[in-house]
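The values are calculated or read from the model by the stated rules, or taken from the named source; none is laboratory data. If you're wondering where the values come from, they're calculated on a predicted model, not measured in any experiment. With ideal geometry, Cβ positions are generated from the backbone for all residues, glycine too; neighbour counts draw on all protein chains shown.
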Amino acid sequence: MRRAFLSAIAMSLLVLGPVPAFSETFLGLDGDDFLPELLGPQQFTAPDYQQNKEWNTDAQKVVPAVQRLKGQSYSQIDWKNQDIEQWLDINKWKADRDYRDKTSDWRQRLEDERNLELVGRVLACKGHCHTYRGINSAKTVFRSQIKEGDEVFTEENSVAWIYLMDGTIVRLGPNSAVGFQEINWAKDEVYNVIRLQKGHIFVHTRSKSEYKLNTDPETDSFVLPLMLRESNQEFFERKIQNGVSDHKKLSQLLNLEKVAIEDQISLINQLRSTQKQDETFKRKYFVYAPNITLDVTDSSFDLLHVVNGPSYFKRRDLDGEFKLKFRGHIEQKFNLISEEEWFEMDETGRVNEGINEPAGHLQVAELLTKRIKTLELAREIWFREYSADIFTASSDPKKLAVDYGYTFWKEGLSKRMRFVEEYTRRMETTNLQSLKNLVEKLKESGENIETTLSDSHYRASLNHYLFGLKKKHLNQRLQVRDMNDLQYWVWILKNGKP
């Protein structure tokens, strides 16, 4: 009762006027703290109001506004997540006020803490995918934003491709859960922190080398066609067919697909050769699961984790640097991986060994990302649309913050990386036993927890790929070449959405 009474007094003092002289002292407020200088034109203030000298303050005493990043609100109150009891709790208010009085830069700290930087956008989702931001869930669709702290889940027979803002593309296999923890920009490097809770993730760094011509069918056809219409092979087939005489159409019909693929790959290489804003940058990935951590620079890789079981990983190229780090409260060793082969980490996170003859489950998981030219082209198109200007602005911290919403790590990124590494090792080591106990309880309650490697991580994609080869030259498929723009877009909507 006493707390509610004091809270009511505080709220009445805020809304009633005129406020007695002692109220500012009681509320812990300083006139300079909330009365801005209104000299000069004001967009939403009448001239007779702004010219009232009683409301103006000394310009030298006005608290300067904090530097807001793109997308941040001007309000310092988190209205969406506000708890009414905490809002009316005078003891909490007094504690907050005391902290602010002692911390001169509390405004900037508050803004930085609440800023969720954009990690990436969804390039494709086939099936059912969901993104959790805190306790709120939303369906994951084409162009959905992925921000720091978001967790993306794919259900059974569902696949997602996500474009990261540094130009990396990431594939999430079925029954996978991935948390995108951080993206940090610094001079000549970008640092991504990703947690794989379960399932399969393929991280594909942006290559600067020429894409080799290969006219074999694409392997991850399950997510095709993409909603990004100008990246699809059908777009190039239509471009060749439209405006050509019927006689010429017949003469080039047998060779049309090959020519379209050549044009598609030619555009990939053209964009790679002209988009060099990231030429001096290093892409660093800190990707971890409960029992394993991969610290990778400028290299593509697969990581597959089974709940309460082992993890499997493979380095897909020999560019950059690839470190494997172990679990343990004291032990801090790591291995340099210099081979393109599958490795297994046991469920304790302490024993690692190469696999001489990988199981079929691993080989198929690798096969599905072997030829992905449409996704490679989509990456280059989005790099031009979303990322090229960010790399250009990275040398100007203010522009990077105001125009793109990113904090520039002028100093301290290496310390941040060391902290993340140490914190992750300790926390995940502690959580391993808790995870084991949780899985046992869930099994006892009748829940089906997949704790062994199976075909669920690739079954839908492989079936689509194999059946797609059979249906490749059916009339329904070939009709796309003669469609106009509207018909082609309707075809994408029909076949590209879940």
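Miscellaneous remarks
- Here Gly405, Gly412, Gly446, Gly496 are screened, and the one residue that is small (Gly, Ala, Ser) and at pLDDT 85 or above is Gly405.
- Residue ID - surrounded by the fewest Cβ atoms within 10 Å (Cβ to Cβ), chosen from residues in the range 161-172 that are in contact (Cβ under 8 Å) with a residue 60 or more places away in the chain and assigned to a strand (DSSP E or B): Trp161
- Phe419 meets the stated requirement of being free of Cβ contacts under 8 Å to residues at least 24 places away in the same chain, out of contact with any Asp or Glu (no Cβ under 7 Å at 6 or more places or on another chain) and either assigned by TED's automatic domain parsing to the domain that holds Thr293 or within 29 Å of Arg229 (Cβ to Cβ) (or both).
- When Gly179 is tested against (1) within 30 Å of Asn308 (Cβ to Cβ); (2) surrounded by 23 or more Cβ atoms within 10 Å (Cβ to Cβ), exactly one condition is not met: (2).
- Test for Asp298: is it at positive phi, in contact with a strand residue (DSSP E or B) (Cβ under 6 Å, 6 or more places away or on another chain) and of a type outside the set (Lys, Arg): yes
- Tally, over the range 289-319, of residues that are over 18 Å from Leu368 (Cα atoms) and among the acidic types (Asp, Glu): 3
- Of the helices (runs of 4 or more DSSP H) lying entirely inside the range 389-473, those containing at least 1 residues that are closer than 23 Å to Glu344 by Cβ and not small (Gly, Ala, Ser) are 413-444, 459-470.
- Selection over the range 275-319 of residues that are in a strand (DSSP E or B) and of a type in the set (Ser, Thr, Tyr) gives a count of 6.
- Scanning the range 195-219 for residues that are in a strand (DSSP E or B) and of a type in the set (A, V, I, L, M, F, W, C) turns up Leu196, Ile201, Phe202, Val203.
- Test: residue in the range 320-339 that is touching a strand residue (DSSP E or B) at 6+ places or on another chain (Cβ under 7 Å), assigned to a loop (DSSP other than H, G, I, E, B) and buried (at least 21 other Cβ atoms within 10 Å of the Cβ): yes
- Of the residues making up the range 364-388, those that are within 18 Å of the chain's Cα centre (by Cα) and not aromatic (Phe, Trp, Tyr) are Leu375, Glu376, Ala378, Arg379, Glu380, Ile381, Arg384, Glu385, Ser387, Ala388.
- Any chance Gly167 is at positive phi and not polar (S, T, N, Q): yes
- The test for being without any contact (Cβ under 8 Å) to a residue 12 or more places away in the chain and either not in a loop (DSSP other than H, G, I, E, B) or not hydrophobic (A, V, I, L, M, F, W, C) (or both) holds for Glu357.
- Checking Pro397 against (1) of a type outside the set (Val, Ile, Thr); (2) in contact (Cβ under 8 Å) with a residue 24 or more places away in the chain; (3) touching a Lys or Arg at 6+ places or on another chain (Cβ under 9 Å), the condition it does not meet: (2)
- Taken as a whole, the structure places Glu347 among residues that are among the acidic types (Asp, Glu), in a loop (DSSP other than H, G, I, E, B) and either surrounded by fewer than 21 Cβ atoms within 10 Å (Cβ to Cβ) or at pLDDT below 95 (or both).
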